[in-house]
Amino acid sequence: MSLRKIAHIDMDAFYASVEQRDDPQLLGKPVVVAWRGNRSVVCAASYEARKFGVRSAMPAVHAERLCPNAVFLPPDFPRYRAVSRQVREILRRHTDLIEPLSLDEAYLDVTENKTGLPTATQVARTIREQIRAELCLTASAGVAPNKFLAKIASDWKKPDGLFVIQPAELDSFLLPLSVGRVPGVGRVTEEKLKKLGVHTIADLRSLNLPTLESRFGRYGVRLYELARGIDESQVVPDRPTRSISSEDTFERDLPLSETEPMIRKLAALTWAASRKESRIARTVVLKLKTAEFKILTRSYTPPSPPSSCEELTAIALSLCQRVTLGPQQRFRLVGVGLGNFFDPALSAQPALFE
C-alpha cells in the first residue's frame, strides 16, 4: 500500500487573529474573545494573552484575573464563518479531499494535488503563503503519512509554523512524546495509563494488545495502533451533519419555569442554522445542565419533521414537561438541538420493486 500524504492546517488563534487583523489598534495587545459574565468561557485568546496563561474554554472571569489588561471582545461568529469560507477556498485550489474539523482547522489528503506541486511539504508551504498574502492571517501546518501524526505535527511549531514528519523519522519523533498527546487520552485515561507505568508513547508501545484490550476495550486497539504510528482513517470530505444545536449558560441558576425566553431564542438560532442544510432533521432535543453540572436531555421525533421555527419552539418547550426534577431544581445551561437528519431526495425515490 502506497504511503499517503496528509496535511493538517490549523489557523493560529483564529477568532482573536481575525479581530486583530480587522482592528489594527489591537495588534500586539492581549485579546480575549469571550462574552462578559460569570458563566462565560473563553472562545479564543491571542498569543499575547496566552503568555499570561489564558486558554480557550477557560472561564472568562479566570482569564480576567490572569490578564486584567486584556481586551475582551464578544465573539462575532458570522464574521469568523465568512473568513473560514475564504480559507476553505484556498484549500480547494490544492485538493478536493478536505475534512473540516471546525472553522479553523482541517485535514487535507494531498497524496495527489491539483496544482502539480512535487511534494506535500510544498503544498502546505504554498497554502500558508496564500493565507498570509490574501487574508493577512497565519496558519500552522503539519505534514505526515496519516491524520494522527499530521495533527500532532501542526501543533509542533505553532504559531505560524510548518513541521513535517517523514516516514523514516516516525519512531524518533513519536516514541519520546507524552502519552497525553494521543487523541482521546484525556485526564482520566492518562491516569489509568500512568498506573500501568505508561508515561510516554514508548511505554505505551511496550504493552501488548491483549493487555490494552482488557483495560480499555475497543479503544485499547486504537491505542495499540497509534503507539506504532498506525492510523488508516481516511480524509472524509463533506461529512453529513449529524446534529445542529445552540446552547447558552445563564447569568444565574434558574428554575425550569424561567427558561422559556432562552429556549425560544435558542430554537430560533437552531432553526436558522438548519436552513443552510439540504437534509432535514427528524428529532428535536432539549438539553439542560443542572446547578450541580449534571446534564440531561429530552428528545422527541414527531410523525413528520418540524416544518417551521414555531413548531420547533413548541416541541422544545413541551419537552420541559418531561423534566421531573421538581420546582426547586435550578439549571445553569439550556440548549435546543435538531438531529436524526435524512436526505429528502433519497427518501422520495420510489422503491425499486413495488
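Just so it is clear, none of the values below were taken in a lab; they were calculated from the coordinates. These numbers come from a predicted model, not from an experiment. Cβ atoms come from the backbone with ideal geometry, glycine included; neighbour counts cover every protein chain shown.
Helical content alone sets the calculated 222 nm signal of the chain at -10000 deg cm²/dmol, taking -39,500 (n - 2.57) per DSSP H segment of four or more residues and averaging over every residue.
Cα-Cα pairs above 30 Å in the chain: how many percent? Spell out each step's value before the answer.
Working: 33006 of 62481 pairs.
Considering the chain, 53 percent of its Cα-Cα pairs are separated by more than 30 Å.
Once the C-beta distance of Asp22 and Arg187 is scaled by a Förster radius of 45 Å, the resulting FRET efficiency is 0.80 to the nearest 0.05. Put simply, the amide H of Lys5, placed in the peptide plane, has neighbours under 5 Å in Val110, Thr111, leaving out anything fewer than 5 places away on its chain.
Let me have the relative contact order for the chain, percent, based on Cα pairs under 8 Å that are six or more residues apart. Display every interim value, and only then the final one.
On the way: 624 pairs, mean separation 50.0, N = 354.
Averaging sequence separation for qualifying contacts and normalising by length gives 14 percent for the chain.
Here the range 107-132 is scanned for amide nitrogen atoms under 11 Å from the site 7 Å beyond the Cα of Gln86 along Cα-to-Cβ, giving 131-132. The angle between the Cα long axis of helix 120-135 and the longest principal axis of the Cα atoms of the chain comes to about 50 degrees, rounded to the nearest 10. The amide H of Val31, built 1.01 Å from its N in the peptide plane, has Ser46, Glu48, Ala49, Val71 as neighbours under 5 Å, considering only residues 5 or more places off or on other chains. The angle between the Cα long axis of helix 309-319 and the longest principal axis of the Cα atoms of the chain comes to about 80 degrees, rounded to the nearest 10. Please give every one of the aspartates and glutamates within straight-line cross-link reach of Lys51, meaning a C-alpha to C-alpha distance under 14 Å, and leave out same-chain neighbours fewer than 8 residues apart. Here the aspartates and glutamates satisfying the reach criterion relative to Lys51 are Glu64.
Starting from the Cα-Cα distance between Glu311 and Ser178, subtract it from 0.36 nm times their residue separation and give me the gain in nm to one decimal.
On the way: separation 133, 0.36 × 133 = 47.88 nm, distance 4.98 nm.
Between Glu311 and Ser178, full extension yields 42.9 nm more.
GluC sites (Glu not before Pro) within the range 87-118: which are DSSP loop residues with at most 11 other Cβ atoms inside 10 Å? Let's see the in-between values first.
Values: sites: Glu89, Glu105, Glu112; in loops: Glu112.
Answer in residue order: Glu112.
Compute the helix-to-body angle for 260-274: its Cα long axis versus the longest principal axis of the chain, expressed 0 to 90° and rounded to tens. Helix 260-274 sits at roughly 50 degrees to that axis.
3J(HN,Hα) along the range 232-238, derived from phi through the Karplus expression 6.51 cos²θ - 1.76 cosθ + 1.60 where θ = phi - 60°, amounts to 8, 5, 7, 7, 10, x, 6 Hz, with x in place of Gly and Pro. Treating each Cα of the range 151-287 as one equal point scatterer and applying the Debye formula with no solvent, the log10 of I(q)/I(0) at q = 0.10, 0.12, 0.22 Å⁻¹ comes out as -0.61, -0.78, -1.23. The modelled label-to-label distance for the pair Arg93/Asp238, using points 7 Å beyond Cα in the direction of Cβ, is 2.3 nm. The phi torsions of the range 153-168, fed into the Karplus equation with coefficients 6.51, -1.76 and 1.60 and a -60° offset, translate into couplings of 5, 5, 8, 6, 10, 5, x, 6, x, 9, 9, 10, 10, 7, x, 5 Hz, rounded to whole numbers, with Gly and Pro shown as x.
Please give the FRET efficiency for Trp35 paired with Ala168, using the beta carbon to beta carbon distance and R0 = 41 Å, rounded to the nearest 0.05. Walk me through the intermediate numbers first.
Values: r = 48 Å, r/R0 = 1.17.
Step by step, r from the Cβ atoms, then E = 0.30.
Remark: the range 243-347 is approximated by an ellipsoid whose semi-axes, taken from the C-alpha gyration tensor as √(5λ), come to 26, 13, 11 Å, largest first. Between Arg215 and Thr111, the simple spin-label model (points 7 angstrom out along Cα→Cβ) gives 3.3 nm. Of all the options Leu137, Leu73, Leu91, the one that moves most in a Gaussian network model of the chain with Cα springs shorter than 10 angstrom is Leu73. Over 26 Å apart at the Cα level, from the set Lys158/Lys294; Lys29/Lys289; Lys5/Lys157; Lys265/Lys294, are Lys158/Lys294; Lys29/Lys289. Of the chymotrypsin sites (Phe, Trp or Tyr not before Pro) found in the range 286-333, those that fall in a DSSP loop while having at most 11 other beta-carbon atoms within 10 Å are Phe293. Among the GluC sites (Glu not before Pro) found in the range 163-192, not one is both in a DSSP coil and sparsely packed, with 14 or fewer other Cβ atoms within 10 Å of its Cβ. A simple spin-label model places the labels of Lys195 and Asp343 4.6 nm from each other, with each point 7 Å out along Cα-to-Cβ.
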